[in-house]
1. For region 109-159, what does the alpha-carbon gyration tensor say about shape, rounded, prolate or oblate, given a ≥ b ≥ c as the root eigenvalues, a/c under 1.5 as rounded, and a/b over b/c as prolate?
2. Averaging over every viewing direction, what projected area does the convex hull of the Cα atoms of region 78-166 cover, in nm²?
3. Mind running the shape call on region 14-81? Use the C-alpha gyration tensor, a ≥ b ≥ c as the square roots of the eigenvalues: rounded below 1.5 for a/c, prolate if a/b tops b/c, oblate otherwise.
4. For the chain, what is the calculated [θ] at 222 nm in deg cm²/dmol (nearest 500), taking -39500 (n - 2.57) for each run of four or more DSSP H residues and dividing by its residue count?
5. On full extension of the chain, what length is gained from Asp25 through Asp128, given 0.36 nm per residue of separation minus the C-alpha to C-alpha distance?
6. Tell me, what are the semi-axes, in whole angstrom and largest first, of the equivalent ellipsoid of region 67-126 as set by the roots of 5 times the Cα gyration tensor eigenvalues?
7. Taking amide H atoms as placed 1.01 Å from N in the peptide plane, list the residues 5 or more away in sequence, or in a different chain, whose amide H sits under 5 Å from that of Val86.
8. With an 8 Å cut-off on Cα pairs and a minimum separation of 6 or more residues, tell me the relative contact order of the chain in percent.
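The values are calculated or read from the model by the stated rules, or taken from the named source; none is laboratory data. As the structure is a computational prediction, the values presented were derived from the model and not from experiment. Note: ideal-geometry Cβ built from the backbone for every residue, glycine included; neighbour counts use all protein chains shown. The accessibility values were calculated without ligands, DNA or RNA, using every heavy atom of the protein model including side chains. Shrake-Rupley method; radii C 1.70, N 1.55, O 1.52, S 1.80 Å.
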Amino acid sequence: QPGLTPKQYQTLWQQMFTRFTEDHDLHNLLWVYSANARLEDRVLAPLDMYPGNESVDVVGLDYYGPNIEELNQRGCYDALRSTGKVLALTEFGAKPMDGSLRVAPWVEAMESQFPDFAYFVFWHSWPDHRVALGDLNEVDVLMSAPRLHHLRDVQAGIESAGASQQ
């Protein structure tokens, strides 16, 4: 069998959600649904396998390609926004896979076309493919983007808030 049907996937998700939250009392998990599913060589619509708002905290897209406009191919971005959940670029690998991705157009598009992404996760590199954040020639352009919040800044804000409460 090539994969799960949408109903099978949704049932499995619900079983896992119930097992973790009710059987194991784990309520500190974030449940992230990522939409780029494939079934029998056809790309499904982004919400075809969606297990429902009750058991999802974050919705996202996985993307490995050169054109940021494709993030809304088949209405993926818009469909996921319609759930009302936190939206993320859950997996991203830069193409071309040699570290030469021009970052400025991506930063601009994230500001203008895709402002609802709360976070992104760059994938890792491997010997013949440089797609990780640290392998980008223009990583400084991305890391200095106005909307980007670094962990160190978040931690400093938490420490500052804690100090002012004392």
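1. Details: a/c = 2.17, a/b = 1.42, b/c = 1.53.
Oblate is the answer for region 109-159, as a/c is 1.5 or above yet b/c matches or exceeds a/b.
2. Working: hull surface 30.8 nm².
Mean projected area for region 78-166: 7.7 nm², to one decimal.
3. Numbers: a/c = 2.69, a/b = 2.10, b/c = 1.28.
Because a/c hits 1.5 or more and a/b exceeds b/c, region 14-81 counts as prolate.
4. Details: 5 runs with 48 residues, N = 166.
After summing the helix terms and dividing by the residues of the chain, the value is -8500 deg cm²/dmol.
5. Values: separation 103, 0.36 × 103 = 37.08 nm, distance 4.30 nm.
The Asp25-Asp128 span can extend by a further 32.8 nm.
6. On the way: eigenvalues 91, 33, 23 Å².
Gyration-tensor ellipsoid for region 67-126: 21, 13, 11 Å.
7. Val59
8. Working: 213 pairs, mean separation 27.1, N = 166.
Relative contact order for the chain comes out at 16 percent.
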